[in-house]
Amino acid sequence: MRRALGFFIGVTLGGMVGAILALLFTPLSGADLRTQLNDRTAGLAAEVRQAANTKRIELTGRLENLRTPRA
């Protein structure tokens, strides 16, 4: 559980730092920058959802193994 929490904190902080750096160093116009940021944000959100689903499947399998009585 700690690893998953650490992962999500890292993703959040990394996204924030990346967004700030993009705003500071971008040569794009405002509209182009907003479009690019929205695309990247959507991609990041999809990656986070996929990671969460993968972890949920793994943990569900572990829970089922723990619930199954041993013969």
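Here is how the numbers come out for the structure above:
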{"quantity": "Near pairs, Cβ below 9 angstrom, 6+ apart or cross-chain, from the stretch 15-27 (in a loop (DSSP other than H, G, I, E, B)) to any residue that is surrounded by 13 or more Cβ atoms within 10 Å (Cβ to Cβ) and of a type outside the set (F, W, Y)", "calculated": "T26/L33; T26/Q36"}
{"quantity": "The stretch 41-57 residues that are polar (S, T, N, Q), paired with ones that are in a helix (DSSP H, G or I) and surrounded by 10 or more Cβ atoms within 10 Å (Cβ to Cβ) (beta carbon under 9 Å, 6 or more apart)", "calculated": "T41/G15; T41/A19"}
{"quantity": "Unique match (being modelled with pLDDT under 95, surrounded by 11 or more Cβ atoms within 10 Å (Cβ to Cβ), in contact with a Gly (Cβ under 7 Å, 6 or more places away or on another chain) and assigned to a helix (DSSP H, G or I)) among L33, L44", "calculated": "L44"}
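The values are calculated or read from the model by the stated rules, or taken from the named source; none is laboratory data. Note that the structure is a prediction, hence the values are computed from the model and not measured. Here the Cβ is made from the backbone with ideal geometry for all residues, glycine too, and neighbour counts use every protein chain on show.
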